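Novice: Dumping the structure here so I can ask a few things about it.
The values are calculated or read from the model by the stated rules, or taken from the named source; none is laboratory data. All of these numbers come straight from a predicted model, not from anything done at the bench. Cβ placement follows ideal geometry from the backbone for every residue including glycine, while neighbour counts extend to all protein chains displayed. The accessibility values were calculated without ligands, DNA or RNA, using every heavy atom of the protein model including side chains. Shrake-Rupley method; radii C 1.70, N 1.55, O 1.52, S 1.80 Å.
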Amino acid sequence: MLELLLCSLVTILPDYLYRRYVQGKRFGKEINFYSVWFELRWGITGCLILTVLLITTVFYNHPSTTNVTLFFRTVPILPEASGRVAEVFVDFSGPIAKGAPIFRLDSSKQEAAAESARRKIAETEAQILVARSDVVKADGQLQQAKSERRQTVDELEAKQELYRRNPGNVPTREIERLQERERGQLGTITAATASKQSAEERISTLLPAEKATAEAELAQAQVELDKTIIRAGVGGRVEQFSLRVGDVVNPMMRPAGILIPEGAGYRSLQAGFGQIEAQIMKVGMAAEVTCVSKPFTIIPMVVTSVQDYIAAGQFRGGEQLIDVQQVARPGTLLVFLEPLYEGGLDGVTPGSSCIANAYSSNHDEIVSKDTGAFRAFVLHVVDALALVHALILRLQALVLPFQTLVFSGH
């Protein structure tokens, strides 16, 4: 309306004054209700064209939107495996610290696996003790075999010496018997040595490996046992936690509740501007916001990020071809707004709906020597109307709470 009044001052009003005082036509006579369009057609047409151009220029340089929301991140409370709830440590809603337990699943299976791994470790340690006894036994058998062979060798050497001196004193069969017994005792020594080495290898290699495997199984069982206690990954607040003892939780189908991280939703606002403002929206632009949850307050903001992609055009590869006609809504340009001053979003409830106006600065272009007088005048007018838009935003901050009450039915 303001733009229409301003444009009528430079189009319709001069046209009317020319018809009235130069041509002598009188309003109500030559200029009446039925001849207004014919008499003032040039002024009305120029007024409408200038109004549209001015409104387009103003909204292009100082965009506004009602699609502003204080989004916040949520973390679903899920176990890593399915199970039945055995114990609950939190209420339906309340604060929680990082690492604090939320609920516990039935852990009988995991406890049995851990106990089995402990028993296997104990069994392996017992086998190590037995293997040490086997080493002592094998060493004794080896010493005995060596001693018996030494006696046989001494007796064989004595018989051979007697046979050399007088072959008739010692039968040849006796010497052959001693030689066979010495070879057998040598095999016994080899077997005893191998038995001792086998026992030593079991102590040094096999049984420690079995014990390490059992300890790894115990560690894995302990990890699975620890997973039955679901803890908070971050500090924050638990909301809508309706899980109770006896319920079955499935990580693929049934979350246990929602965890809202501490400080979520108090950093930035997300605003959706029209696609036509993609060329004017820049990082560092000043903005103002008013929210329903904090009425009668204007929050100074600054543009910190502009998303380079519009969500309406995204697609996921599949088995069907994309039909552009299926994109019903054109989508908006996502812009992140952060408070200009610390604590600017204090008192604004996360998830609130807001209204935002962004303002581009034309000061550098106005003072530039390369800018023409007419363009500088237009930029001055645009900046002046931006002040009017800021005033309108303040009026909306006053009216917005009452509009919310009306639309909510109160």
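Novice: What percentage of the solvent-accessible surface of the stretch 228-293, computed with a 1.4 Å probe over protein heavy atoms, is contributed by carbon and sulfur atoms? Don't jump to the answer; show the numbers that get you there.
Specialist: Details: 1770 of 3250 Å².
Exposed carbon and sulfur together represent 55 percent of the surface.
Novice: State to the nearest 20 debye the size of the charge dipole of the stretch 177-234 about its Cα centre, where the only charges are +1 on K and R beta carbons and -1 on D and E beta carbons. Each step should come with its number before you reach the end.
Specialist: On the way: 8 positive and 9 negative charges, 54 e Å.
My answer is approximately 260 debye.
Novice: With θ set to phi - 60° and the Karplus curve 6.51 cos²θ - 1.76 cosθ + 1.60, what are the ³J(HN,Hα) couplings of the stretch 229-241 in order, to the nearest whole Hz, using x for Gly and Pro?
Specialist: 9, 8, 10, 6, x, 9, x, x, 9, 8, 10, 6, 8
Novice: Any idea of the accessible area per residue across the stretch 250-297, 1.4 Å probe, to the nearest Å²?
Specialist: 51
Novice: Given R₀ = 51 Å, what would the calculated FRET efficiency be for LYS137 paired with VAL234, taking r from the Cβ atoms and rounding to 0.05?
Specialist: 0.25
Novice: Which residues' amide hydrogens lie under 5 Å from the amide hydrogen of ARG73, considering only partners 5 or more residues apart or on another chain, with H built in the peptide plane?
Specialist: Placed amide hydrogens put GLY265 under 5 Å from ARG73.
Novice: If you don't mind, another one. Using Cα-only point scatterers and the Debye equation, what is log10 of I(q)/I(0) for the stretch 108-165 at each q in 0.13, 0.20 Å⁻¹, rounded to two decimals?
Specialist: So the normalised log intensities are -0.60, -0.80.
Novice: Using unit Cβ charges (K, R positive; D, E negative) and no other charged atoms, how large, in debye to the nearest 20, is the dipole of the stretch 228-323 about its Cα centre?
Specialist: 400
Novice: By a straight-distance test (C-alpha under 29 Å), which lysines pair with LYS196 as possible cross-link partners, with residues fewer than eight away in the same chain excluded?
Specialist: LYS120, LYS137, LYS146, LYS211
Novice: Which value, in nm² and rounded to one decimal, describes the direction-averaged projected area of the C-alpha convex hull of the stretch 252-323? Could you put the intermediate results ahead of the total?
Specialist: Numbers: hull surface 37.5 nm².
Average projection, Cα convex hull of the stretch 252-323: 9.4 nm².
Novice: Please list the non-local residues whose amide H lies under 5 Å from the amide H of ASN67, H modeled 1.01 Å from N, same-chain partners needing a gap of 5 or more.
Specialist: For ASN67, the qualifying residues are GLY272.
Novice: List every residue whose amide H lies under 5 Å from the amide H of MET285, counting only residues 5 or more places away in sequence or on a different chain, with H placed 1.01 Å from N in the peptide plane.
Specialist: Answer set, sorted by chain and number: VAL303.
Novice: Counting only protein heavy atoms and a 1.4 Å probe, tell me what percentage of the stretch 142-216's accessible area is made up of carbon and sulfur.
Specialist: Answer for the stretch 142-216 is 49 percent, counting heavy atoms of protein chains only.
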